[in-house]
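This report concerns only the one structure given below.
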Amino acid sequence: MENKRREFVKKALSTSALVVASTATAAVYNSKSSNKSSSNGVVIGKSKKKEILYKETKNWDAFYKASY
């Protein structure tokens, strides 16, 4: 009975140590990547395509007229 408890504690401690280490690594990686761009959270891409956010259609016109 005593051995089972000891083995469980050993496994639990090693698992928690791995989780803490991976979390710390992820936090360091995220802080480094956020320092590279100071664009206030806006993602800046390298695509040459024009981004179309709105395309004027009859349905959109009706929606905007109803929302006024």
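The values are calculated or read from the model by the stated rules, or taken from the named source; none is laboratory data. Predicted, not measured: the structure shown is a model, and the values here were computed from it. A quick note on method: Cβ atoms are made from the backbone with ideal geometry, for glycine too, and the neighbour counts reach across all protein chains shown.
Pairs please, first residue from segment 40-57 and without any contact (Cβ under 8 Å) to a residue 60 or more places away in the chain, second anywhere and part of a loop (DSSP other than H, G, I, E, B), Cβ atoms under 7 Å, 6+ apart in sequence or on different chains.
Note: pairs meeting the criteria are ILE44/SER37.
I'd like the full set of residues that are at pLDDT 85 or above, assigned to a helix (DSSP H, G or I), of a type in the set (D, E, K, R) and loosely packed, with under 10 Cβ neighbours inside 10 Å, limited to segment 23-68.
LYS58, LYS65
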